[in-house]
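The values are calculated or read from the model by the stated rules, or taken from the named source; none is laboratory data. Here the structure is a predicted model, which means the values were calculated and not measured. Cβ: placed from backbone, ideal geometry, glycine included. Neighbour counts: every protein chain shown.
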Amino acid sequence: MDGNGARPFWLTLPGILTGLAALITAMGGLIGTLYAAGVLGDGGDGPTQTPTPIVVALTPTPTATLAPTTQPTVIPTSTATFTPTITPEPPESPFSGLWTNVDPNTDDITRIEISPVEAQLSVHVWGACTPTECDWGAVQGTPSGSTLSVSWDQGFVLRTMTLTLTVDGELEVKTVSVYVDDRPRRETTELFRSR
């Protein structure tokens, strides 16, 4: 006991149970190790299993450095076939990349990230909101030539976006917004440059 009248941990019931658990765990590990090493185990009552030998051949290798004079050669006793599964990367598209609005003060779409996903393209859009951008999320679409169409159902509005690659290397984005309330249909056209 210390000066406070409290008993040391190892003399309490939780301390004794903790010590017993550690002792049982250690004994189990020791017994398992002895079985694995062959010290304990098969008393000759059942069939014995002969371990498969691994053959190591040492061949001399002349060298002028302080490296070892022999290299081990491992000869496997069985063969295994390994066939890797290779998933091809989706082909790049001229739409792929991060596109930013040419108007840094836009009150509409600020940036678009397009990336290939299998045979389609994933279109991730952010809009101008305060204090941070609004994340519209990503939808998938299939390009047709130099045009790609995608739609978002945001609950209060259905937005259909047509993205077209221009001859100048810019991305023209036409967005049609149809609201579920009495607001009028809204159409915008914006230009984006690849970063």
Sole residue being modelled with pLDDT of 90 or more, crowded, with 16+ Cβ neighbours inside 10 Å and farther than 15 Å from VAL173 by Cα, chosen from LEU148, LEU121: LEU121
Within region 154-186, the count of residues that are loosely packed, with under 11 Cβ neighbours inside 10 Å and either among the aromatic types (Phe, Trp, Tyr) or part of a strand (DSSP E or B) (or both) comes to 1
Is there a residue in region 35-56 that is part of a helix (DSSP H, G or I), modelled with pLDDT under 85, out of contact with any helix residue (DSSP H, G or I) (no Cβ under 9 Å at 6 or more places or on another chain) and aromatic (Phe, Trp, Tyr)? yes
Can you report the number of residues in region 118-157 which are of a type in the set (Asp, Glu) and over 27 Å from the mean Cα position of the chain (by Cα)? 1
Being loosely packed, with under 14 Cβ neighbours inside 10 Å, modelled with pLDDT under 90 and not polar (S, T, N, Q) narrows PRO104, PRO60, PRO90 down to just PRO60
Filter result for the condition that a residue is under 22 Å from GLU187 (Cβ atoms), in the same structural domain as ARG186 (by TED's automatic domain parsing), without any contact (Cβ under 8 Å) to a residue 60 or more places away in the chain and in contact with an Asp or Glu (Cβ under 9 Å, 6 or more places away or on another chain), over THR147, THR175, THR106, THR162: THR162
